[in-house]
1. Taking Cα atoms, how many degrees apart are the long axis of helix 205-219 and the longest axis of the chain, rounded to 10 and kept between 0 and 90?
2. In whole Hz, what ³J(HN,Hα) sequence does region 135-140 give by Karplus (6.51, -1.76, 1.60; θ = phi - 60°), x for Gly and Pro?
3. Tell me, what is the Rg over Rh of region 1-110, with Rh the Kirkwood radius over Cα pairs?
4. Collect residues whose amide H, placed 1.01 Å from N in the peptide plane, falls under 5 Å from the amide H of Leu188; neighbours closer than 5 in sequence don't count.
5. Among 206-219, 159-172, 47-60, how do they line up from the highest to the lowest mean number of other beta-carbon atoms within 10 Å?
6. Relative contact order for the chain: what is it in percent, counting Cα pairs under 8 Å that are at least 6 residues apart?
7. Which residue, chosen from Ser9, Leu45, Ala169, occupies the Cα position most advanced towards the positive end of the dipole of the chain, where the dipole is computed from +1 (Lys, Arg) and -1 (Asp, Glu) charges on Cβ about the Cα centre?
8. Can you work out the Karplus-derived ³J(HN,Hα) for every residue in region 39-52? Use 6.51 cos²θ - 1.76 cosθ + 1.60 with θ = phi - 60°, whole Hz, and x for glycine or proline.
Amino acid sequence: MLGHSHALSGLAAGAATLPWAPVGGTVGQVAWIATVGGMAMLPDLDHSGSTVSDMWGPITDVPSGAVGRLAQGHRWGTHDAVLAPLAFGALASLAAHAFWSSLLLVSLAIGLALRALHFVIPGRAENTVVGNLVLSWGGAWLLLEHTASPAWLPWAVALGVLTHIAGDALTTQGVPVPVLWLLRRTRLALSPLRTGTALEKVVLAPAFVLVTIYCVYLNTDVRTAVDPLLQDLQSLG
């Protein structure tokens, strides 16, 4: 899938899982959705030249090379539907014990979401290294300063990673057969969808947007603000 499709599917997954998310309050809900959305691009850290690798220059490019070697190439280790969520979730669990490491993870998620969704964001600041760093770290700091605890981070990271893998499993390239690929490098593809086709751009991406909007309406306080407006419009009709 394309980067923006991954991010949009992650936002949809984050919004849809709000009733079970270990967060409270509006800020916590925003942090959850943003983190799941951004982390839905994280598995591509195994590929030099990806959005994840290029986002912050050497800060992300150097780890990308190491992750790619450890994962045994693109769409292998970081795309294992069992091992990848567990590994990234475990790292996030360690990071959640300190403010600055939590800040790094949430900043990474926000930065990725901004880069993936740049086509709907005015200006180009989010596409530059400095601009993205300022926006993502500033946004992460505001979110974490107003949430009780980042204990939810491992769950958001694991969900984002799993969402990415599910999306790639729908493409012709597929994803590795969980765990068993370590013995024999075999892949699993659930559909003949090719990355970047009209079906993805015209059907799937808009569907993810609609799911996100509906679930935000359904699972947050937005509903209490919107319902009176809808009632007023109905009365006018």
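Every number in this text was worked out from the coordinates using simple rules, so none of it is lab data. In this text the structure is predicted, and so the values were computed from the model without any measurement. All Cβ positions, glycine included, derive from the backbone under ideal geometry; neighbour counts span all protein chains shown.
1. Helix 205-219 sits at roughly 50 degrees to that axis.
2. 5, 6, 5, x, x, 5
3. 0.96
4. Distant-sequence amide H within range of Leu188: Val175, Val177.
5. The densest-packed peptide leads the list: 159-172, 47-60, 206-219.
6. 29
7. Value computed over the given set: Ala169.
8. Per residue, the Karplus-derived 3J(HN,Hα) values read 5, 6, 10, 4, x, 6, 5, 7, 10, 5, x, 6, 4, 5 Hz.
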